[in-house]
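Q: One structure is given below, represented as structure tokens, and several questions about it will come after.
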Amino acid sequence: MILGIVAALHEEIEQILADMAHGATRQRIAMRDYHLGRISGVDCVVVLARVGKVAAAATATALIEHFGVDRIVFTGVAGGVAHGLSIGDVVIADALVQHDLDARPFFPLHEMPLLGLARCPVDSRLSSQLRSAAGTFLQERLRQTTRPAVLERFGIRAPRVHCGLVASGDQFIGSAQRVAALRSSLPDVLAVEMEGAAVAQVCYEYGVPFALMRTLSDTADDQAHADFPRFLREVASSYAHGILTLLLQSMRTERG
Ligand code: ADE
């Protein structure tokens, strides 16, 4: 079993890369570095996809075709769209949609033309392992890895894990109007980001199991960009590392 671990921004994988530094090798393909090694006894290929759907799809394709990964996990941040979600909560996708895909009148809104599908599925087993890892991290590890002053600064008090629809598009959403538009076209959407549905489509087409977790860095409104770099550095990085480490440990246990 080889797990592909993908993120869009450096901070989202830097700690996990540090864990595999010993004995890891690196291969550069199409302007990306793929890091091969073992973490917690699991063979992994870790890669920074960069931002956006094209970059994400190209990366997922290389992971499958060139490195033979047989499952992929995406980690990163997202903007919360559904009411009641808070910064610091974690969203695990149960399906993904490209919110900016619109080939009407030839195909229904959001449908991937000629694929006959608007929402890409995730692997239920991998997603439920990711969900348990996220729950354990928030309950047992968050306060060991993130300073109280940092949690206070971002208003993170009792963060929760949510499971539901994640929407991806080649746009950073940062206004109340755009959040309202997303809620109206996709009433059940939980969070918005810029890569997940592209990786989900590639995995769907190849039949490779896929799961995605996103830490909410903002609520996609006018304040979305304000503390974004600081959130990545001080919060998202520890979330991604903590949750992936627990996921890898559960995969090792599963294999005996
Ligand atoms: N990733 C994190 N926050 C986001 C937002 N508001 N829009 C798109 N992608 C994001």
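The values are calculated or read from the model by the stated rules, or taken from the named source; none is laboratory data. Everything numeric in this text was worked out from a predicted model, so none of it was measured. Note that we place each Cβ from the backbone using ideal geometry, even for glycine, and neighbour counts take in every protein chain shown. Protein only, heavy atoms only, side chains kept; ligands, DNA and RNA dropped before computing areas. Shrake-Rupley method; radii C 1.70, N 1.55, O 1.52, S 1.80 Å.
Q: Would you mind getting me the FRET efficiency between SER185 and TYR206? Use the beta-carbon distance for r and R0 = 25 Å, nearest 0.05.
A: Approximately 0.35, to the nearest 0.05.
Q: Around LEU138, under 10 Å between beta carbons, what's the net of Lys plus Arg minus Asp minus Glu among the other residues? Intermediate results must be reported in sequence, preceding the final value.
A: Values: positive: ARG141, ARG143, ARG160; negative: ASP89, GLU140.
Residues near LEU138 contribute +1 overall.
Q: For the range 38-172, what % of the accessible area comes from carbon and sulfur atoms, probe 1.4 Å?
A: That fraction is 51 percent.
Q: In a Gaussian network model over the chain where Cα atoms closer than 10 Å are linked, find which of MET31, MET194, MET112 has the largest mean-square fluctuation.
A: MET31
Q: Considering only the range 75-255, what is the antiparallel percent among its DSSP beta bridges, to the nearest 5?
A: The antiparallel fraction comes to roughly 35 percent.
Q: What net charge is computed for the residues neighbouring ALA118, neighbours being all others with C-beta under 14 Å from the C-beta of ALA118, Lys and Arg scored +1, Asp and Glu -1?
A: Working: positive: ARG104, ARG119; negative: ASP100, ASP102, GLU111, ASP188.
After counting each charged neighbour, the total is -2.
Q: Further question: Between ILE72, ILE16, ILE29, find the one with the highest GNM mean-square fluctuation for the chain; connect C-alpha pairs within less than 10 Å.
A: Result for the chain, Cα springs under 10 Å: ILE29 fluctuates most.
Q: Once the piece of chain linking ARG147 and SER86 is laid out straight, how much longer is it, given 0.36 nm per residue of separation minus the C-alpha distance between them?
A: Full extension from ARG147 to SER86 adds 20.1 nm.
Q: Accessible area per residue for the range 75-255 in Å², computed with a 1.4 Å probe and the full protein assembly in place, what is it? Mind showing how you got there, number by number?
A: Values: 7900 Å² over 181 residues.
Ligands and nucleic acids excluded, the figure is 44 Å² per residue.
Q: Under a no-solvent Debye model with one identical scatterer per Cα of the chain, what's log10 I(q)/I(0) at q = 0.14, 0.17 Å⁻¹?
A: For the chain at q = 0.14, 0.17 Å⁻¹, log10 I(q)/I(0) is -0.89, -1.33.
Q: Then there's this: With every protein chain present, what accessible area does HIS225 have (1.4 Å probe, heavy atoms only), rounded to the nearest 10 Å²?
A: Number for this one is 120 Å².
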